[in-house]
1. Can you list residue pairs whose Cβ atoms sit under 9 Å apart, with the first residue in segment 171-183 being on the phi < 0 side of the Ramachandran plot and assigned by TED's automatic domain parsing to the domain that holds GLN116 and the second being among the acidic types (Asp, Glu) and surrounded by fewer than 19 Cβ atoms within 10 Å (Cβ to Cβ)? Count only pairs 6 or more apart in sequence or on different chains.
2. Any idea how many residues of segment 88-137 are assigned to a loop (DSSP other than H, G, I, E, B) and closer than 20 Å to TYR192 by Cβ?
3. Keeping to segment 162-187, report how many residues are surrounded by fewer than 24 Cβ atoms within 10 Å (Cβ to Cβ) and outside any helix (DSSP H, G or I).
4. Does ILE76 count as in contact with a helix residue (DSSP H, G or I) (Cβ under 7 Å, 6 or more places away or on another chain) and either modelled with pLDDT of 95 or more or surrounded by 13 or more Cβ atoms within 10 Å (Cβ to Cβ) (or both)?
5. Tally the residues that are in contact with a strand residue (DSSP E or B) (Cβ under 9 Å, 6 or more places away or on another chain) and either exposed (fewer than 13 other Cβ atoms within 10 Å of the Cβ) or under 21 Å from ASP154 (Cβ atoms) (or both), restricting the search to segment 86-106.
6. Kindly indicate the residue of segment 144-161 that is small (Gly, Ala, Ser) and buried (at least 18 other Cβ atoms within 10 Å of the Cβ) and also farthest from ILE128 (Cα to Cα) among those meeting that condition.
Amino acid sequence: MDESNIEKKSNNSQQQIAGAIIIAGIIIAGAILLKGTTNDMTVANVPISKLVGLNVKSFNTCLASGKFKDKIQADIDDGIKAGVSGTPSSFILKDGKVIPFISENGESSNNINGAQSFDLIMQNIADILKDGRNPVTVQIKPVTSDDHIIGSLDAKIIIIEYSDLDCPFCKVFHNTMHQVIEKNGKDVAWVYRHYPIPQLHPNAFKKAEETECAWEQKGNDAFWKYTDKLFEFTSK
């Protein structure tokens with residue numbers, strides 16, 4: 001093989017390598033751009049606090065103060081006492097007492113463990129309303145007007161959820177619970193309590209603080225709007 005052919009092959013190889021590098025660069029750059037867009041948690045760079053109608057300056061002042069850290073930690077401590085070890089973990093209350101949850105295979109547990117299906121939750125609710133299932137002993141903080149609640153404190157059934165705002169299974173269950181309330185809101189109320197797990201989701205505690213700062217400004221309504229918006233950006 002003469003030198004000219006060798007040189008041509010060498011040039012072709014170099015061009016192919018350069019082309020591959022350029023293509024890879026374009027792919028990486030596109031991925032970074034997409035990642036940034038997906039993770040912004042804003043619409044056209046508008047903060048969530050503004051999207052839900054809050055005063056952004058006051059919201060940021062609240063968040064910087066850390067004033068709700070103890071409140072969130074209190075929820076975590078209460079969850080631990082109730083036996084929460086992961087999220088979502090929820091408890092069904094009737095007449096202020098915890099009622100066991102029956103799984104698809106007929107097993108009974110003190111709590112709704114994980115993101116159980118809408119149909120199974122609705123079946124449990126119907127059975128509890130019908131047969132008055134015997135309560136179990138669980139050390140859980142009573143529901144009061146200080147809780148974040150959708151529905152009435154006097155509802156026949158109250159579901160207390162311990163949740164992490166960066167947990168994908170919590171996102172699924174959050175949407176399920178909205179369906180439950182929409183379907184059976186006269187009989188069921190839903191209480192949200194914080195249970196961020198920093199070992200898995202380093203930003204979850206700060207997000208919990210954000211929801212409390214929303215609550216401080218505009219009450220329970222703003223808390224739920226902010227929470228809903230955060231879950232929109234939680235990965236599945």
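The values are calculated or read from the model by the stated rules, or taken from the named source; none is laboratory data. Small disclaimer: the values here were computed from a predicted structure and weren't measured. Backbone-built Cβ (ideal geometry, glycine too); neighbour counts: all protein chains shown.
1. Between residues of segment 171-183 that are on the phi < 0 side of the Ramachandran plot and assigned by TED's automatic domain parsing to the domain that holds GLN116 and residues that are among the acidic types (Asp, Glu) and surrounded by fewer than 19 Cβ atoms within 10 Å (Cβ to Cβ), the close pairs are LYS171/GLU232; HIS174/ASP228; HIS178/ASP228.
2. Residues flagged as assigned to a loop (DSSP other than H, G, I, E, B) and closer than 20 Å to TYR192 by Cβ within segment 88-137 amount to 8.
3. 3
4. Working: in contact with a helix residue (DSSP H, G or I) (Cβ under 7 Å, 6 or more places away or on another chain): no; either modelled with pLDDT of 95 or more or surrounded by 13 or more Cβ atoms within 10 Å (Cβ to Cβ) (or both): yes.
Answer is no for this residue.
5. Selection size over segment 86-106: 9.
6. Initial filter on segment 144-161 (small (Gly, Ala, Ser)): 145, 151-152, 155.
From the residues that got through so far, the ones that are buried (at least 18 other Cβ atoms within 10 Å of the Cβ) too are 151, 155.
Numbers: GLY151: 18, ALA155: 13 Å.
Among them, the one singled out is GLY151.
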